Amino acid sequence: MKNLTLIILLALSFFTSCKEEKKQTQTEEAPKAEMEISDTIKWSERMALSEIKRFPDPTLLDFRKKPNWSYTNGLVLQAMSRVYDQTNNEKIYDYIYEYADRMINEDGSINSYKLSNYNLDMIKSGDAIYYVYNQKQEPRFRKAMDTLHKQLEGMPTTSEGGYWHKKRYPNQMWLDGVYMAEPFHAKYTKAFMEGDEVQKMYDKIVLQFDLIEKHSRDPETGLYYHGWDESKEQKWANKTTGLSQHFWSRGMGWYGMALVDVLDYLPENHEGRSRIIKYLNQYAEAIVNYQDESGTWYQVLNLPEREGNYLEATGTSMFTYTLAKGVNKGYLPEVYMENAKKGFQGILDEFISVEDNGVVNLNKCCGVAGLGGDPYRDGSFEYYIGEIIRSNDPKGTGPFIMAALELDK
């Protein structure tokens, strides 16, 4: 009888153990189910969550091996902040905050950042810090923004006051740099500056756009050359105009986003505001002339028939965002919303793929492009089409998120 009782007790113990093991296994697997991204939520949130899945560490955005203060982090995190404002998905806010928390020390110093490099790209992540500071008034975040403002105050400039793109790129203004610096500088000026300095700073911000219009815009096509060298010494620069050779899609995309974003913070009564809206309208008129029937745009905008050119995702996402926001804000005529909608559908048709777990991929992104440097980038057609093409470049995923938000997709 004792033996029978012992056997029954052992059997019950084994059965209970199996149930507990199965329950534990189910608990462990539950997060995997939660990691799946539903196709019932909007594209903006789907892409934001996909970026978090791809890069669980926000300091390693852009396929990095170690934490880095970079414009790509700021671009994607700014896009995510707008998703959080709509969804209140705490996972997204925590991701943004983690970047700020880990990259900025208690004394306000910024890890991996060096002010003396005077690199406009380094300003862009200030947008994410500004957002977090407005949520949690931590003094270190304000100190970090003060440092970025100090960099802009000390930036080397062209003879007319245009910021060099980087200290190591003397006398050069690139389209990229206006987006990297001016939206942040406008919001910093509005939030933190006082007295006569406010007007002076807004004037300096508008001047950057005035100089791009003066030097980089092609009056025939309305398109903008990627770079301008005041000294005309660079091998990529035309010896008469100082301009680079081609109209690069993402270069123009950066500039368009700068136009619509800086207007969020430039006062209604500033005399430069109407000029920037005029520039935006000229810009929109130009880019829709080069929109492909698919709704997307080519890597080198005006040479669709040239062998090797391709429909490119980052520039297309930026153009779509610029047009949609321009209309939503009342800066552009309503007709351009059709171009924006066509652009977004083109992105879905040409560039988007979705994995079984719901992760969204943005394909056919130009990985990088610049001018000069080492190895030397000559700005030729062959150069622009020869740079790496990859999926999920943050210079595409960030603008895709923002475009989706503007179109309520």
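Examine segment 367-386 for a residue that is part of a helix (DSSP H, G or I), crowded, with 24+ Cβ neighbours inside 10 Å, touching a Leu at 6+ places or on another chain (Cβ under 8 Å) and in contact (Cβ under 8 Å) with a residue 24 or more places away in the chain, and state whether such a residue exists.
No, that holds for no residue.
Residues checked against (1) at pLDDT below 95; (2) of a type in the set (A, V, I, L, M, F, W, C):
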| site | (1), (2) |
| --- | --- |
| L12 | yes, yes |
| F15 | yes, yes |
| C18 | yes, yes |
| E21 | yes, no |
| Q24 | yes, no |
| E29 | yes, no |
| A33 | yes, yes |
| W69 | no, yes |
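Of all residues in segment 102-138, count the ones that are aromatic (F, W, Y) and either surrounded by fewer than 16 Cβ atoms within 10 Å (Cβ to Cβ) or part of a helix (DSSP H, G or I) (or both).
Selection size over segment 102-138: 3.
Looking at segment 185-197 only, could you name the residues that are aliphatic (A, V, I, L, M) and surrounded by fewer than 15 Cβ atoms within 10 Å (Cβ to Cβ)?
A191
Rundown of residues vs (1) in a helix (DSSP H, G or I); (2) touching a residue at least 40 places away in the same chain (Cβ under 8 Å), yes/no style:
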site	(1), (2)
L303	no, yes
S317	yes, yes
E334	no, no
E338	yes, no
K342	yes, yes
Q345	yes, yes
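For segment 198-212, how many residues are of a type in the set (D, E, K, R) and surrounded by fewer than 16 Cβ atoms within 10 Å (Cβ to Cβ)?
Within segment 198-212, residues that are of a type in the set (D, E, K, R) and surrounded by fewer than 16 Cβ atoms within 10 Å (Cβ to Cβ) number 2.
Just to be sure before I move on: is Y133 of a type in the set (S, T, Y) and touching a helix residue (DSSP H, G or I) at 6+ places or on another chain (Cβ under 6 Å) in the structure I sent?
yes
Do the conditions hold for Y99, that is, is it under 18 Å from I52 (Cβ atoms), touching a residue at least 40 places away in the same chain (Cβ under 8 Å) and assigned to a helix (DSSP H, G or I)?
Taking the combined requirement at face value, the residue satisfies it.
What's the number of the condition D62 fails, among (1) under 20 Å from G358 (Cβ atoms); (2) within 16 Å of the chain's Cα centre (by Cα); (3) in a loop (DSSP other than H, G, I, E, B)?
(1)
Please pick out the residue among G358, G379, G396 that is modelled with pLDDT of 95 or more and at negative phi.
Result: G396 is the single residue among G358, G379, G396 that is modelled with pLDDT of 95 or more and at negative phi.
Taking segment 111-155, which residues are among the β-branched types (V, I, T) and under 20 Å from the mean Cα position of the chain (by Cα)?
I123, I129, V132
Residues of segment 309-344 being over 14 Å from Y283 (Cβ atoms), within 20 Å of the chain's Cα centre (by Cα) and among the polar types (S, T, N, Q), which ones?
Once the filter is applied, which keeps residues that are over 14 Å from Y283 (Cβ atoms), within 20 Å of the chain's Cα centre (by Cα) and among the polar types (S, T, N, Q), segment 309-344 yields T314, T316, S317, N328.
Quickly run through segment 331-346 and pick out the residues that are crowded, with 16+ Cβ neighbours inside 10 Å and under 21 Å from A258 (Cα atoms).
Y331, L332, Y336, M337, N339, A340, K341, G343, F344
Residues in segment 213-249 that are assigned to a helix (DSSP H, G or I), surrounded by 22 or more Cβ atoms within 10 Å (Cβ to Cβ) and either of a type in the set (D, E) or out of contact with any His (no Cβ under 9 Å at 6 or more places or on another chain) (or both): how many?
Total satisfying the criteria: 1.
Under 18 Å from D393 (Cα atoms), in contact with a Ser or Thr (Cβ under 6 Å, 6 or more places away or on another chain) and part of a loop (DSSP other than H, G, I, E, B): is that true of P67 in this structure?
yes
The values are calculated or read from the model by the stated rules, or taken from the named source; none is laboratory data. Values in this document were obtained by computation on a predicted structure and should not be read as measured data. Quick reminder, even Gly has a Cβ in these numbers, built from the backbone with ideal geometry, and neighbours come from all protein chains shown.
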